[in-house]
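**Student:** Quick one: the structure is below, and I'll ask about it shortly.
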2 protein chains.
Amino acid sequence: MSAAEDAFIRALSRVLLAMPRAVEHDMARGGLLPLSEYTALMHLSEVQGRTMRMSELASVSNLSLSGMTRIVDRLERRSLVKRVRCDEDGRGWNAVLTDAGFAALTESWPIHLASVRRHVLDHVQGEDLSRLTTVLQRIATDT
Amino acid sequence: MSAAEDAFIRALSRVLLAMPRAVEHDMARGGLLPLSEYTALMHLSEVQGRTMRMSELASVSNLSLSGMTRIVDRLERRSLVKRVRCDEDGRGWNAVLTDAGFAALTESWPIHLASVRRHVLDHVQGEDLSRLTTVLQRIATDT
DNA sequence: GCGATTTGATTGACGCGTCAAGCATTGACC
DNA sequence: GGTCAATGCTTGACGCGTCAATCAAATCGC
């Protein structure tokens, strides 16, 4: 491994560990949703009917199905989401974003955005943004 | 947030979640050290005397001190590291890489390298490597 | 020197996400 | 149409890393 590659991997590792913690911390300080829950609600808010199958939600969130079960459990307990049996398939469940869930999302996103901007986007200028996006997408797709 | 920024953040999030799991998985399949333990041994192997204070090891690994205590506990149980009281400060402990630990590291690194190369480095070509490294270092430093 | 504070590290309790096992429901096949 | 594998999701058990509390050694103030 070349010195440049080594430096890259070390920097990536640090970001991998430290950056999500920093954002998570900002969210917690604001009394807001943890990142995993925020992300789930965000995905729900972006689809027609604010409804997604558990498996689909897990997959777009890059989480195991059982992990998503736990998250929706927590969200449902706080009435931010409700579970509705799936019409076409009696085994399936839909997670549906409630109005309260949408409100929580609305409350959370400015802080989330500010945190992400401060910790990440502020450090990526101009042309780098699109180049890096391409690289990251390739890495993400492969995995 | 612009569409480009949004794409960047989403791609970064996916990499953050998926990539370490992929590498971890490769290590586990080879019956090798988990990433956290691998990293600790690696840091130890790189310093004079293969010795580091717990706090220093935690800090270079971007982990809490108590987290590092657990990791060194596991490593010590398998005799890959030993704890030695610190001379200059009776409260402190040094983690010292043992020969067995060094051997485990030697055994692990080819698979670790191959995994990192396959999942990450193969997707970063030419000039992107240094540009991306700079950005990641800025992000890591800030946090 | 002797209490009071600070510092280095460990421990207890906890939350999170994973895997493997379990439970329904569905769909295929005879 | 009844059995049997496959599918969608949940549950149990577990490992990991965090925070808050704790303990011991060191340092400061007097």
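Bear in mind that the values in this text are calculations on the coordinates, not laboratory data. Here the structure is a predicted model, which is why all the values come from computation and not from measurement. A quick note on method: Cβ atoms are made from the backbone with ideal geometry, for glycine too, and the neighbour counts reach across all protein chains shown.
**Student:** How long is the gain from B:L65 to B:V84 if the chain were fully straight, where each residue apart is worth 0.36 nm and the alpha carbon distance is subtracted?
**Tutor:** Full extension from B:L65 to B:V84 adds 5.2 nm.
**Student:** Given 0.36 nm per residue, what is the gain on full extension from A:R118 to A:S55 after removing their alpha carbon distance, in nm?
**Tutor:** Between A:R118 and A:S55, full extension yields an extra 19.4 nm.
**Student:** Round to a whole angstrom and tell me the spacing of the C-alpha centers of the stretch B:1-45 and the stretch B:74-143.
**Tutor:** 13
**Student:** OK, next. At q = 0.18 Å⁻¹, what is the base-10 log of I(q)/I(0) for the stretch A:1-45 according to the Debye formula with one equal point scatterer per Cα and no solvent? Please give it to two decimals.
**Tutor:** Log10 of I(q)/I(0), two decimals: -0.64.
**Student:** Now for a different question. Taking only complete DSSP H runs, can you tell me which helices of chain B stretch 24 Å or more along their own long axis by Cα positions and average at least 1.0 on the Kyte-Doolittle scale?
**Tutor:** Answer set is empty.
**Student:** Under 12 Å from the Cβ of B:L105, count the other residues' Cβ atoms, weight Lys and Arg +1, Asp and Glu -1, and hand me the total.
**Tutor:** -3
**Student:** Within chain A, what is the longest stretch that has no GluC sites (Glu not before Pro) placed in a DSSP loop and near at most 16 other beta-carbon atoms within 10 Å?
**Tutor:** A:89-143
**Student:** Considering only the other residues whose Cβ falls under 11 Å of the Cβ of A:H123, what net charge follows from Lys and Arg at +1 and Asp and Glu at -1?
**Tutor:** Taking every other residue near A:H123 into account, the sum is 0.
**Student:** Still on this model: Taking 35 Å as R0, compute the FRET efficiency from the Cβ-Cβ separation of B:D128 and B:R77 and round it to 0.05.
**Tutor:** 0.25
**Student:** Next question. Under the classification rounded if a/c is under 1.5, otherwise prolate if a/b is larger than b/c and oblate if not, where does the stretch B:72-143 fall, given a ≥ b ≥ c as square roots of the Cα gyration tensor eigenvalues?
**Tutor:** It is oblate, given that a/c is not under 1.5 and a/b is not larger than b/c.
**Student:** Run a plain Debye calculation on the protein assembly as shown (Cα atoms as equal point scatterers, no solvent) and give log10 I(q)/I(0) at q = 0.08, 0.16 Å⁻¹, rounded to two decimals, same order as the q list.
**Tutor:** -0.41, -1.29
**Student:** Do me a favour and compute the ellipsoid semi-axes for chain B from its Cα gyration tensor, root of five times each eigenvalue, largest one first, whole Å.
**Tutor:** Taking √(5λ) for each eigenvalue gives 32, 19, 13 Å, largest first.
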